[in-house]
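Please read the structure below before turning to the comments.
Throughout, read-outs are computed from the coordinates displayed, never taken from laboratory work. Keep in mind that this is a model prediction, so the values were computed, not measured. Please note: Cβ atoms are built from the backbone with ideal geometry, for glycine as well, and neighbour counts cover all protein chains shown.
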């Protein structure tokens, strides 16, 4: 049966696309192909995890103090295994690992760091909900050691970023700085094939995505944003709430249909605002995609890709999606 997502009469595989359609460094081509391989393995496991007892809590807590699902650990190990067999990536930074993982033998003057969230939305595993993988590639500085000072840079230093969405179809969406491209996994041939290239995000959408149950802990500006989005259409409102609990799933809707995803900071008991999503392997990668598709990514106070992290697991608030909605969020001073 033909894949209903494919819009082209002749299938163009990811491998062929990387080698014929874009001017990409050979090392980055290998890296993107390795990411695609890991995504295929994760997609295959997710399809049968319920039958294998793969769902549920693993019994451990990760570096962020969050319950670790069995598939969190398994998916992280898939990436570790995929990138331990050689290649240009010598540093792995994951949501599921407290410290970076280095492969000394792979560290050269032309090596990369891969930063990733192996299974975004993992709390959805038990209900067969939306899941994803988010990744970014950064170039290591020539002569670097096992420190990561060169990796702790603004998101504008990323040379590639993307995500996988595990849904009715498995999609791999990425940019290497020259447009946003989407590929669909054709299970019949076991290859990612081109679906759309140089995707453009609508300047404005009709939906917003946020965990509105947290509104009592938001800044007044964020609550004003909700009132504006839910207000009369004649005054720029009339938006519908669409929230699936996975950053990838909600962002994918924005990419194709426009709109806004946001996860504001929450005011803690001590009075200080605190972000939820991780900058280096969640917010910065998807902000790169948003910008290269004509959208925007902001912390509510400024461009997300300009934030310089102090640590690999740093958290920030995020407002991401169509340019008009992100500009409205900033105008309303959502983060004070």
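Taking each DSSP H run with n ≥ 4 as -39500 (n - 2.57) and averaging over every residue of the chain yields -8000 deg cm²/dmol at 222 nm. Between residue 223 and residue 11, the simple spin-label model (points 7 angstrom out along Cα→Cβ) gives 5.4 nm. Put simply, the Cα atoms of the range 207-336 extend 44, 36, 26 Å along their principal axes, the longest span coming first. As a rough footprinting exposure proxy, the listed residues 80, 210 were ranked by other beta carbons within 10 Å of their own, and the order from fewest upward is 80, 210. Placing dummy labels 7 Å off each Cα toward the beta-carbon, the span from residue 105 to residue 198 is 4.3 nm. Relative to the longest principal axis of the Cα atoms of the chain, the long axis of helix 247-257 lies at roughly 80 degrees.
As a proxy for reagent exposure, ranking 15, 250, 81, 150 by other Cβ atoms within 10 Å from fewest up yields 81, 15, 150, 250.
Measuring r between the beta carbons of residue 234 and residue 301 and using R0 = 25 Å, the FRET efficiency lands at 0.25. With angles folded into 0 to 90 degrees, how steeply does helix 70-82 sit against the dominant principal axis of the chain? Use alpha carbons for both and round to 10. The angle comes out near 40 degrees. Going by neighbour counts of Cβ atoms within 10 Å, the residues 195, 218 line up, fewest first, as 195, 218.
Histogrammed with a bin width of 10 Å, the alpha carbon distances of the range 72-113 distribute as 30, 54, 15, 0 percent, first bin at zero. Semi-axis lengths, largest first, of the ellipsoid equivalent to the chain are 30, 24, 21 Å, with √(5λ) applied to each eigenvalue of the Cα gyration tensor.
Inter-part distance, the range 280-310 to the range 196-214, computed on C-alpha centroids, equals 14 Å.
Over the range 121-274, one equal point on each Cα, no solvent: what is log10 I(q)/I(0) by the Debye formula at q = 0.17 Å⁻¹? At q = 0.17 Å⁻¹ the computed log10 ratios are -1.18. Largest GNM mean-square fluctuation across 263, 208, 239, computed for the chain with C-alpha springs under 10 Å, falls on 239. The C-alpha atoms of the chain define a longest principal axis, and helix 26-52 lies at about 80 degrees to it. Label-to-label distance, residue 146 versus residue 268, with points set 7 angstrom from Cα along the beta-carbon direction: 3.0 nm.
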